[in-house]
Amino acid sequence: MHPRALLDARGLRPKKRFGQNFLMDAAASHRIARLALDGISDPYRERVLEIGAGTGALTAALVEAGASVTALEIDPDLVAILRERDDLRGAEIVQADALEFDFAAFGGGETWHVAGNLPYNVATPLVAGLTEMEGGPKSIVAMLQKDVADRLAARPGTPAYGSLSVAVQYAMTVERAFTLGPRHFHPKPKVDSTVVRLVRRDEPAVRPKDLALFRKVVRAAFAYRRKTLANSLALALDIGRDTITRAIVAADLAPELRGERLDLNDFARLADELAQG
Ligand code: SAM
């Protein structure tokens, strides 16, 4: 069912405030669904939470591929469309704001997954929150603004590398699947979109002694991107400059480096040195 036809039939127009850019490319929806199903060994037990179901393009592809789908949608007009679609009878449709949703209760300690063509305005906090949460999804297959996908996958020393890259890569492997231009959406967004597949690692990439401090150090290292690591940490953390310099040197790093040069192991060593004071 064509998203534009579904909207037109009800006299609806895409709403900018909800980041509504509907995917018009059925083949792409099926490709995303296949990627989401790829990591699922038991589709009955491992449920898929779709975020931002819209008119149901991806929801239908997920159901067809055999997933147990719960679809979240914030817009009541679209929830009405989703509930009327016969081909979505197999999916649970929930009207909810994903930023307020109780993901832990949904997961319930079981293995679960996320899929979605995510609203651009909420994609970054959602992906960051879902990766960091205890009992979070085993995998996230998401269509994102290309520059957000670049930040998730970025390697040290590249312009897109930042605290989001480190936070996500700590918990997940990141793979870019494919990119679509604006013409595949209605209405056309201004930028390209990329589908990424994040899969939770069995063990985090590094084991800092104090995870909360590790996260604080990472954020502080990128807080002042034009400054050196030592300066950025001194400005952003409530720790004396001498202690910071000592910790950087003890972690085998140079104080005049910039934060964007550090990989996950460097950050873990640095946080461990700072934990000792
Ligand atoms: N999945 C559909 C597709 O591929 O065509 C729609 C994608 S559209 C980019 C994003 C969808 O997320 C819209 O339907 C929008 O109403 C919904 N949305 C926006 N903010 C949301 C939020 N905070 N919680 C849940 N859904 C949201």
Work out the length of the dipole vector of the range 211-275 about its Cα centre, built from +1 on the beta-carbon of each Lys and Arg and -1 on the beta-carbon of each Asp and Glu, and round it to the nearest 20 debye.
320
Name the long-range amide H neighbours of Asp192: under 5 Å, sequence gap of 5 or more, or other chain; modelled H, no Pro or chain starts.
Lys146
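Compute, for the range 163-228, the length of the dipole vector about the Cα centre, with Cβ point charges of +1 (Lys, Arg) and -1 (Asp, Glu) only. Units Debye, rounded to 20.
Values: 15 positive and 5 negative charges, 74 e Å.
So the magnitude is around 360 debye.
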Are there GluC sites (Glu not before Pro) in the range 55-113 that DSSP puts in a loop and that have at most 14 other Cβ atoms within 10 Å, and which ones?
Glu100, Glu110
Tell me, Leu233, Leu35 in order of fewest to most beta-carbon neighbours within 10 Å?
Leu35, Leu233
Listed residue (Gly259, Ile81, Ser165) projecting farthest to the positive dipole end of the chain, Cβ model:
Gly259
Between the range 107-133 and the range 208-261, what is the separation of their alpha carbon centroids in Å?
28
Name the residue from Trp112, Met133, Ile40 whose Cα lies farthest towards the positive end of the charge dipole of the chain, charges +1 on Cβ of Lys and Arg and -1 on Cβ of Asp and Glu.
Met133
Sorted largest first, extent of the range 1-111 alpha carbons per principal axis (Å):
41, 31, 22
To the nearest 20 debye, the chain has a Cα-centred charge dipole, built from +1 on Lys and Arg Cβ and -1 on Asp and Glu Cβ, of 960
Span from the the range 1-68 Cα centroid across to the the range 152-201 one, whole angstrom:
19
Low-density loop cleavage sites - trypsin sites (Lys or Arg not before Pro) in the range 57-124, where at most 12 other Cβ are within 10 Å (DSSP)
Arg89
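List the trypsin sites (Lys or Arg not before Pro) in the range 12-74 that DSSP assigns to loop (not H, G, I, E or B) and whose Cβ has at most 15 other Cβ atoms within 10 Å. Which are they?
Lys15, Arg45
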Could you tell me which residue out of Leu62, Leu6, Thr194 lies farthest along the dipole of the range 3-200 toward its positive end? Charges go on the beta carbon: Lys and Arg +1, Asp and Glu -1, centred on the Cα centre.
Thr194
Please compute the Kirkwood hydrodynamic radius of the chain from all pairs of different C-alpha atoms, in Å with one decimal.
19.9
DSSP bridge orientation in the chain - percent antiparallel, rounded to nearest 5
50
Count of lysine pairs in the chain with Cα separation under 15 Å (8 or more residues apart, or interchain):
5
Long-range amide H contacts for Phe22: which residues qualify at under 5 Å (H placed 1.01 Å from N, peptide plane, sequence gap of 5 or more or a different chain)?
His186
Where Lys and Arg each count +1 and Asp and Glu each count -1, what net charge lies around Arg155 among other residues with Cβ under 14 Å from its Cβ?
-2
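Values quoted throughout were computed directly from the atomic coordinates according to the rules given, and no laboratory measurement underlies them. Computed from a predicted structure; not experimentally measured. Positions of Cβ are generated from backbone atoms using ideal geometry, with glycine treated the same way; all protein chains shown enter the neighbour counts.
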